[in-house]
Amino acid sequence: MPLKVTIIGGGSSYTPEIIEGILKRYDSFPVTDIALVDVESGQKKLKIIGELADRMIKKADKSINLTCTLDRKEALEGADFVSTQIRVGGLDARAKDERIPLSHGYIGQETNGAGGIFKAFRTIPVLLDLAEDVHNICPNAWIINFTNPAGMVTEAVLRHSSHKKVIGVCNIPFNMRHSVAEILEVSAETIKIEFVGLNHFVFGKKIYADGMDRTQEVLDKLADEELDYSPANIVNLGWSKTFIKAMNLLPNPYHQYYFQTREVLEKDIQAFKENGTRAEEVKALERSLFELYRNPDLNVKPRELEQRGSAFYSDVACSLMDSIYNNKEDIQTVNTLNNGAIPDLPDDCVIEVNSIISKHGPRPIASGPLPSTIKGSIIQMKAFEKLVIQAAVTGDYSDAYTSMLMNPLVADEKGSKILLDELLEAHKAYLPQFKVNHY
Ligand code: G6P
């Protein structure tokens, strides 16, 4: 039986990951067709990735038909899964999201603060357009959205497109499970974490190893020792004993932006002045990755790819596709509709939560009311995300302004306008929905 995966943003340096993930699961998830799609400006990269993917498939000795194309509609024909990993405006746009806020003394990050807002503004309309194509061409396909900001993009598709089969994925919960396994010196397969929250704003409530509650032990270790569990793209400052003891929750590495704002900002401004921001680092990394990928003798995913922040994301995306395809009913952490799982949030918003994955998609597991320590910030972040999505769709200046104001990393009357106007101007080529820029 044909089983087709279409990868939007196939020329991404991350693609060897997903190819490896598919090949690893071939026995249970026997993909027959992979289509790699990219835009014209990504054509050269697509060719290099296509040739490497072909060598990887041959090395694994699997009979998978691989196509590389710039024609998205053609690539969607017959797709069962559509994985999305795009960056609208490329790394140059990311550099602006990072540099402009930093130049005004605000956190400059690709998915948080003002930068994250603008990544959403550029990306949401493109994903909505893709979702309509999926709906018309392969209506039964699941969109597995890895495109950032993954939570907001997923919610935008659910709210504003005709296609409802979309699931958002992120490698952060996966990384947290692996880090906890290292802390406890056990294998990651034995670890279960009860996650609660939003994408890049998720907390671990309870931690189990082989069914035993070991939350306290992990939190004590985190409070007592300097443990680094940040992905490659985030500086690790560690957590104070007081914070961990008082919160009694496992934070994710992105929480440093919110709870250690001043320290992160100092470090990021220093890096920005000395060596540039993460976008520049990633550009250099990409250049050397593509040098490696070009080598006709390379036929596996090179280890160097692990220097990217989303290393291993494909394990998340491919396990999800495998569980849907095989109706596994196992538990995975995804971005999906709340539907009452967190009673403090609206049913129709997207949360990041453990869900039972079956052929019908994810069913979120109820996690009860939010702990009072984080209830306020999660409700505020969700309200902020809703404004961002609204502004991304309508291009309304007031929505865009209030989303800046509501974001804890901006939250300043004049600063919001300064950042908004400068970023609108810097990204105008990718923001056709914003007609009137200033008032
Ligand atoms: C993290 C996040 C991803 C993000 C990535 C950036 O792991 O979870 O959402 O895309 O880092 O990594 P990069 O190597 O591009 O800085």
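The values are calculated or read from the model by the stated rules, or taken from the named source; none is laboratory data. Note that the structure is a prediction, hence the values are computed from the model and not measured. Cβ atoms come from the backbone with ideal geometry, glycine included; neighbour counts cover every protein chain shown.
Of note:
- Residue within region 382-400 that is within 28 Å of Asn171 (Cβ to Cβ) and in contact with a strand residue (DSSP E or B) (Cβ under 8 Å, 6 or more places away or on another chain) present: yes
- Matching entry among Lys267, Lys273 (being away from the ligand (no atom under 16 Å from the Cβ), basic (Lys, Arg) and over 29 Å from Phe81 (Cα atoms)): Lys273
Residue by residue, here is whether (1) within 25 Å of Asp92 (Cα to Cα); (2) surrounded by fewer than 19 Cβ atoms within 10 Å (Cβ to Cβ); (3) touching a residue at least 12 places away in the same chain (Cβ under 8 Å); (4) among the basic types (Lys, Arg) holds:
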residue	(1), (2), (3), (4)
Lys245	no, yes, yes, yes
Asn248	no, yes, yes, no
Pro253	yes, no, yes, no
Asp268	yes, no, yes, no
Leu285	yes, yes, yes, no
Glu291	yes, yes, no, no
Gln307	yes, yes, yes, no
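- Listed here are the helices (runs of 4 or more DSSP H) enclosed by region 191-280 that have at least 3 residues being basic (Lys, Arg): 261-274.
- Residue that is nearest to the ligand (Cβ to nearest atom), among those in region 145-167 that are under 17 Å from the mean Cα position of the chain (by Cα) and small (Gly, Ala, Ser): Ala150
Residues checked against (1) of a type outside the set (Asp, Glu); (2) more than 30 Å from Lys192 (Cβ to Cβ):
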{"position": "Pro251", "(1), (2)": "yes, no"}
{"position": "Gly276", "(1), (2)": "yes, yes"}
{"position": "Ser288", "(1), (2)": "yes, yes"}
{"position": "Asp297", "(1), (2)": "no, yes"}
{"position": "Glu306", "(1), (2)": "no, no"}
{"position": "His360", "(1), (2)": "yes, no"}
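- Residue tally, condition surrounded by fewer than 19 Cβ atoms within 10 Å (Cβ to Cβ) and of a type in the set (A, V, I, L, M), over region 162-182: 1
- Screening the candidates Val202, Val196, Val235 for the property of being touching a Cys at 6+ places or on another chain (Cβ under 9 Å) and of a type in the set (Val, Ile, Thr) yields one hit, Val202.
- Residue in region 210-227 that is within 16 Å of the ligand (Cβ to nearest atom) and at negative phi present: no
- Of the residues examined, Lys221 is one that is surrounded by fewer than 20 Cβ atoms within 10 Å (Cβ to Cβ) and of a type in the set (Lys, Arg).
- If you go through region 291-316 and keep only what is at pLDDT 95 or above and either within 16 Å of the ligand (Cβ to nearest atom) or assigned to a helix (DSSP H, G or I) (or both), you end up with Glu291, Leu292, Tyr293, Arg294.
- Residue match in region 100-116 (condition: within 16 Å of the ligand (Cβ to nearest atom), among the charged types (D, E, K, R), more than 15 Å from the chain's Cα centre (by Cα) and over 20 Å from Cys318 (Cβ atoms)): no
- Failed condition for His178, given (1) in contact with a strand residue (DSSP E or B) (Cβ under 7 Å, 6 or more places away or on another chain); (2) within 16 Å of the ligand (Cβ to nearest atom): (1)
- Flag if Leu237 is within 20 Å of the chain's Cα centre (by Cα), more than 16 Å from the ligand (Cβ to nearest atom), farther than 13 Å from Leu250 by Cα and crowded, with 16+ Cβ neighbours inside 10 Å: no
- Figure legend. Inter-residue proximity from region 95-123: first residues polar (S, T, N, Q), second residues outside any helix (DSSP H, G or I), beta-carbon distance below 7 Å, spacing 6+ or different chains. Indicated pairs: Thr111/Asn148; Thr111/Pro149; Thr111/His200; Asn112/His200; Asn112/Tyr254; Asn112/Leu409; Thr123/Val88; Thr123/Thr147.
- Search result, residues across region 364-385 that are surrounded by fewer than 18 Cβ atoms within 10 Å (Cβ to Cβ) and out of contact with any helix residue (DSSP H, G or I) (no Cβ under 8 Å at 6 or more places or on another chain): Ile365, Ala366, Gly368, Pro371, Ser372, Lys375, Gly376, Ile379
- Within region 1-45, the set of residues being surrounded by fewer than 18 Cβ atoms within 10 Å (Cβ to Cβ) and closer than 20 Å to Val88 by Cα comprises Val39, Glu40, Ser41, Gln43, Lys44.
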